[in-house]
1. Please go through the range 10-22 and pick out each residue that is touching a helix residue (DSSP H, G or I) at 6+ places or on another chain (Cβ under 9 Å), among the hydrophobic types (A, V, I, L, M, F, W, C) and part of a loop (DSSP other than H, G, I, E, B).
2. Show the residue pairs meeting these rules: Cβ distance below 7 Å; 6+ apart or different chains; first residue within the range 2-28 and free of Cβ contacts under 8 Å to residues at least 24 places away in the same chain and under 13 Å from residue 46 (Cα atoms); second residue of a type in the set (A, V, I, L, M) and assigned to a helix (DSSP H, G or I).
3. Among residues belonging to the range 23-35 that are surrounded by 11 or more Cβ atoms within 10 Å (Cβ to Cβ) and in a helix (DSSP H, G or I), point out the one that is nearest to the chain's Cα centre (by Cα).
4. Yes or no: residue 10 modelled with pLDDT of 95 or more and of a type outside the set (Val, Ile, Thr)?
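The values are calculated or read from the model by the stated rules, or taken from the named source; none is laboratory data. Please read these numbers as outputs of a predicted model, since none were measured by experiment. Reconstructed Cβ throughout: ideal geometry from the backbone, glycine too, with neighbour counts over all protein chains shown.
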Amino acid sequence: KWVAQVCAALAIPCLLLLPVFASAARRGGPLYFSQDIHWNPAGHRLAAETIARFFGESLP
């Protein structure tokens, strides 16, 4: 939340992946490897697609 607040105060576009991952996790399917906290291929795909969409909408 702190990063989002700083970005808002500076009028900088900000992408927070936590809400995206939380929503996807509720829909099912693992996004992390079971033995640690690193993203698995599905998590990397979700992050990449979300970041690409964000840049596509935020940049001219």
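1. The first filter runs over the range 10-22 and keeps only residues touching a helix residue (DSSP H, G or I) at 6+ places or on another chain (Cβ under 9 Å), leaving 12-17, 20-21.
Keeping just the survivors that are among the hydrophobic types (A, V, I, L, M, F, W, C) gives 12, 14-17, 20-21.
Listed by number, the residues that qualify are 12, 14, 15, 16.
2. Pairs that qualify, where the first residue is free of Cβ contacts under 8 Å to residues at least 24 places away in the same chain and under 13 Å from residue 46 (Cα atoms) and the partner is of a type in the set (A, V, I, L, M) and assigned to a helix (DSSP H, G or I), are 16/4; 24/46.
3. Pass one, the range 23-35, residues surrounded by 11 or more Cβ atoms within 10 Å (Cβ to Cβ): 24-25, 30-33.
Next, from what is left, pick out any that are in a helix (DSSP H, G or I): 24-25.
Values: 24: 10, 25: 12 Å.
Checked the range 23-35; the qualifying residue nearest to the chain's Cα centre (by Cα) is 24.
4. On the way: modelled with pLDDT of 95 or more: yes; of a type outside the set (Val, Ile, Thr): yes.
When the stated conditions are applied, residue 10 passes them.
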